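Nothing in this text is a laboratory measurement; each read-out follows from the coordinates by a stated rule. Treat the numbers as computed from the prediction; the structure is a model and nothing was measured. With ideal geometry, Cβ positions are generated from the backbone for all residues, glycine too; neighbour counts draw on all protein chains shown.
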Amino acid sequence: MSRNRVTVVISQAQGKNPLRRALEESLAATLLMEPGVDLSIVPHLYDLEEGHTGRLFLNSVSGDMIVLGWLFPRAGFWLLDRMGVKGLEGSSPMHPVAEDDGEEAGEADPQEKVPAIGQTGDIPDRTITLLDLRAKPGYEPYLEEVRRLIGESKARREAQVSVRPPVLVELGLPKPAPVIDLTTLASAPAARRWYPVIDYSRCTNCMQCLDFCLFGVYGVDGGERILVESQDNCKKGCPACSRVCPEQAIMFPEYKTPAIAGAPVGVVTGLKIDLSKLFGGGDPSVTAAAERDRELVKDGRDAVGLTVGMAPRRAPRAPTVPDELDGLVDALDKLEI
Ligand code: SF4
Ligand code: SF4
């Protein structure tokens with residue numbers, strides 16, 4: 001693949017919702033004809049197990065990538081990162097990046113703030129931009145945004161080439177990775193999965209999730225950093241540990257509540273929401289313990305309540321998403337509090 005081309009990936013919705021399929025098909029039909037685009041279609045990113053052809057394809061792409069999918073961009077970016085599909089997170093006006101609200105939200109003294117783990121390993125000089133297909137109706141806004149992002153990508157590459165001595169350009173560019181044409185594999189099945197995704201730009205490695213989960217999902221890597229070690233040990237539909245993470249770093253992309261599914265975290269336009277309610281009412285720890293007990297009992301084990309793996313929770317940061325504001329308020333209304 002030429003470095004001047006951009007890979008656009010449509011990550012399909014789970015299930016067979018005809019409206020979602022129709023949007024994917026309209027986008028695919030248009031993007032196939034779009035100059036500068038290499039188009040591929042894969043199942044939902046969350047469902048791609050190790051060794052799945054869709055995942056192998058994503059790992060083979062070396063240049064800029066735009067992923068159109070049915071999940072919050074933050075969740076999608078960290079899902080890809082954990083698959084080894086690494087790069088710099090691209091931004092889009094469709095999904096404004098939230099401001100850091102640490103001081104405004106009255107959190108702990110910034111001097112005491114523990115730095116987040118961040119991305120690890122070699123981060124290639126390319127951007128990965130995710131667009132949430134739930135953000136706008138119709139395919140046209142996505143097409144327009146893909147075109148804008150391609151223009152940005154092209155300008156960036158041209159600027160890089162123009163500042164390099166010609167000899168370095170000759171010797172420094174990596175050979176293009178072989179491209180697997182996945183358009184014929186669009187319907188390759190991928191069973192639904194359920195597991196936590198960590199946002200390492202927020203995770204401070206406090207290990208609270210490791211202590212809390214009694215199902216062996218979490219572990220640590222060689223650098224003693226937290227990781228989701230045994231994804232398939234997680235209990236389907238249960239988001240308990242996301243409620244006890246003090247940094248809102250644990251996401252379950254398919255959970256109905258935006259704050260848990262990966263909505264941006266921060267304060268925008270001065271509007272703040274009491275997110276403790278979104279996390280389960282007055283005390284999220286109580287909700288989390290009840291959810292965990294339910295799973296323990298289903299497994300024939302004893303409930304432990306609040307006696308194991310609990311630590312005092314700091315005030316949660318307030319996520320707001322202007323486009324999602326109505327959804328957040330709806331979610332609050334639906335909570336049984
Ligand atoms: S509880 Fe949250 S911040 Fe702490 S290690 Fe787990 S993911 Fe990271
Ligand atoms: S949701 Fe429950 S089972 Fe899954 S990782 Fe969190 S605490 Fe463990």
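Scanning residues 5 or more positions from residue 131 or on other chains, those with amide H under 5 Å from its amide H are 67, 68, 69, with H placed 1.01 Å from N in the peptide plane. Computed from the C-beta positions of residue 143 and residue 17, the FRET efficiency with R₀ = 25 Å rounds to 0.75. When you count the other C-beta atoms within 10 angstrom of each residue and take the mean per peptide, 146-155, 295-304, 10-19 line up highest first as 146-155, 10-19, 295-304. Remark: region 140-150, residue by residue, has Karplus-estimated 3J(HN,Hα) of 4, x, 6, 4, 4, 5, 4, 4, 5, 5, 5 Hz, where x stands for each Gly or Pro and the curve is 6.51 cos²θ - 1.76 cosθ + 1.60 at θ = phi - 60°. When peptides 36-49, 223-236 are sorted by average Cβ neighbour count within 10 Å, with the highest value leading, the order is 36-49, 223-236.
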